[in-house]
Amino acid sequence: FATKASRVGAVGLVVLFWGLAHHLLMGIRYLLIDMDHGVDLASARATAWGAGIGGLVITLLFLGVLL
């Protein structure tokens, strides 16, 4: 059985992984913007949402592997 401390640690690990995944995807987004791809407002909003949702999807996949 999992102890309370191990559950808190697992939640912390998932939050940390989400932050890393989100940071990675946003970094790729900004690299593309620096190369003048997706600079217009509609594309910028779409890629921001995509990076946010992508970070969550990657985290959920990681969580599935973790469990």
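Remind me, relative contact order of the chain in percent, using alpha carbon pairs under 8 angstrom and six or more residues apart?
45
For the pair LEU56 and MET26, how long in nm is the line joining their label points, each one 7 Å along Cα→Cβ?
Result for the modelled spin labels: 1.6 nm.
Rounded to the nearest 500 deg cm²/dmol, what is the calculated helix-only ellipticity per residue at 222 nm for the chain, with -39500 (n - 2.57) per DSSP H run of length n ≥ 4? Please report the intermediate quantities before stating the final value.
Values: 2 runs with 57 residues, N = 67.
After summing the helix terms and dividing by residue count, I get -30500 deg cm²/dmol.
Could you report the accessible area of VAL15 in Å², rounded to 10, computed with a 1.4 Å probe on the protein chains as they sit in the structure?
90
With every atom except the alpha carbons ignored, what do you get for Rg and Dmax of the chain, in angstroms?
According to the Cα coordinates of the chain, Rg and Dmax are 15.4, 52 Å.
How far, in nm, would the chain grow between ALA46 and VAL15 when pulled straight, counting 0.36 nm per residue and subtracting the alpha carbon separation?
Here the segment from ALA46 to VAL15 would lengthen by 8.8 nm.
Taking 0.36 nm per intervening residue step and subtracting the Cα-Cα distance, what contour gain separates LEU67 from MET35 on full extension?
7.6 nm
Could you go through the stretch 20-28 in sequence order and give the Karplus-derived ³J(HN,Hα) for each residue, using 6.51 cos²θ - 1.76 cosθ + 1.60 with θ = phi - 60°, rounded to whole Hz, and x for Gly and Pro?
Each residue of the stretch 20-28 in turn: 5, 5, 4, 4, 4, 5, 5, x, 5 Hz.
For the chain, which whole-number percentage of the solvent-accessible area (1.4 Å probe, protein heavy atoms only) is attributable to carbon and sulfur atoms?
On the way: 3990 of 5170 Å².
C and S fraction of accessible area: 77 percent.
The values are calculated or read from the model by the stated rules, or taken from the named source; none is laboratory data. Fair warning: this is a prediction, and the values are worked out from it, not measured in the lab. With ideal geometry, Cβ positions are generated from the backbone for all residues, glycine too; neighbour counts draw on all protein chains shown. These area figures cover heavy atoms from the full protein model, side chains too; ligands, DNA and RNA do not enter into them. Shrake-Rupley method; radii C 1.70, N 1.55, O 1.52, S 1.80 Å.
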